[in-house]
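Below you'll find the structure, written out as structure tokens, and then a few comments.
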Amino acid sequence: MLGMGLLAVAALALWQAPALRAALAPQAELAPDVCVVAPPTPYDPALGLPVHAARAVPAGVRCPVCGMYPERAPQWAAQVIFANGDAHFFDSPLSLLMYLGEVGRYSPGRQAGDIVAHYVTDTASQRWTDARQAFYVHGSSSARGPMRAGNLPAFAARDAAERFAAQRGGAVLAFGAIDAATVQRLGGQAHASH
């Protein structure tokens, strides 16, 4: 018993030594709200597409906002293309909008001004459409995205969005009419904190 006590005192004395504490202390610590999930996907000229064109979601790529796999829900997928051709893929229009609100948070070293193209999947045709020209249905109780929470189904044509809203509820919004408060409210329902 006495040996254990002496061992404890010796360990405590060693721990009190500043040099030992400094050597054992963690060297770098990430901020609690940082989640490193998804690097951008570089442009591949072998695809045969223009550098800023929409491209198919690659297998295994992860959403930089929530870490989900956009290929698993292609009817909700979105993407941004940077000036150098790199792309980020998202599991939904909501994740795209969350990303655009805080590009530097989700892609350190990048800025919104580096993005040259924004695409969402048109709910009606399942084809890529320019996210800034699309129409979104907000508030449809039956429009549950990949996170099983409210989302913003996208449409290339206003009349298709209006038909969807008439059948399934919600209001039609243009890209510029979706404010930060709406994104934050919807994002709080669907996404884990990063």
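The values are calculated or read from the model by the stated rules, or taken from the named source; none is laboratory data. Model, not experiment: these values are computed from the prediction. Positions of Cβ are backbone-derived with ideal geometry, glycine not excepted, and every protein chain shown enters the neighbour counts.
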### Query
Which members of region 34-50 meet the condition of being surrounded by fewer than 16 Cβ atoms within 10 Å (Cβ to Cβ) and on the phi < 0 side of the Ramachandran plot?
34, 36, 37, 39, 42, 44, 45, 46, 47, 49, 50
### Query
What strands (runs of 3 or more DSSP E), lying completely within region 98-159, carry at least 1 residues that are touching a helix residue (DSSP H, G or I) at 6+ places or on another chain (Cβ under 8 Å) and β-branched (Val, Ile, Thr)?
115-121, 135-138
### Query
What number of residues within region 62-81 satisfy the criterion of being buried (at least 20 other Cβ atoms within 10 Å of the Cβ) and either free of Cβ contacts under 8 Å to residues at least 12 places away in the same chain or touching a strand residue (DSSP E or B) at 6+ places or on another chain (Cβ under 7 Å) (or both)?
10
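Considering each of 80, 116 in turn, give the residue that is β-branched (Val, Ile, Thr), modelled with pLDDT of 95 or more and either touching a Cys at 6+ places or on another chain (Cβ under 8 Å) or more than 19 Å from residue 187 (Cβ to Cβ) (or both). Spell out how you get there, then give the answer.
Values: 80 fails: either touching a Cys at 6+ places or on another chain (Cβ under 8 Å) or more than 19 Å from residue 187 (Cβ to Cβ) (or both).
Being β-branched (Val, Ile, Thr), modelled with pLDDT of 95 or more and either touching a Cys at 6+ places or on another chain (Cβ under 8 Å) or more than 19 Å from residue 187 (Cβ to Cβ) (or both) holds for just one of 80, 116, which is 116.
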### Task
Output yes when any residue across region 96-105 is more than 14 Å from the chain's Cα centre (by Cα), modelled with pLDDT under 95 and surrounded by fewer than 22 Cβ atoms within 10 Å (Cβ to Cβ), and no when none is.
no
### Query
Does residue 183 satisfy the criteria of being closer than 17 Å to residue 78 by Cβ, touching a Leu at 6+ places or on another chain (Cβ under 6 Å) and in contact (Cβ under 8 Å) with a residue 60 or more places away in the chain?
yes
### Task
Say whether the condition of being aliphatic (A, V, I, L, M) and free of Cβ contacts under 8 Å to residues at least 40 places away in the same chain is met by at least one residue in region 84-99.
yes
### Task
Check residue 50 against each of (1) free of Cβ contacts under 8 Å to residues at least 24 places away in the same chain; (2) outside any loop (DSSP other than H, G, I, E, B) and name the one condition it does not meet.
(2)
### Task
Might you check whether a residue that is surrounded by fewer than 19 Cβ atoms within 10 Å (Cβ to Cβ) and touching a strand residue (DSSP E or B) at 6+ places or on another chain (Cβ under 6 Å) occurs anywhere in region 84-95?
no
### Task
Taking residue 118 as the residue in question, decide whether it is of a type outside the set (Asp, Glu) and in contact with a Lys or Arg (Cβ under 7 Å, 6 or more places away or on another chain).
yes
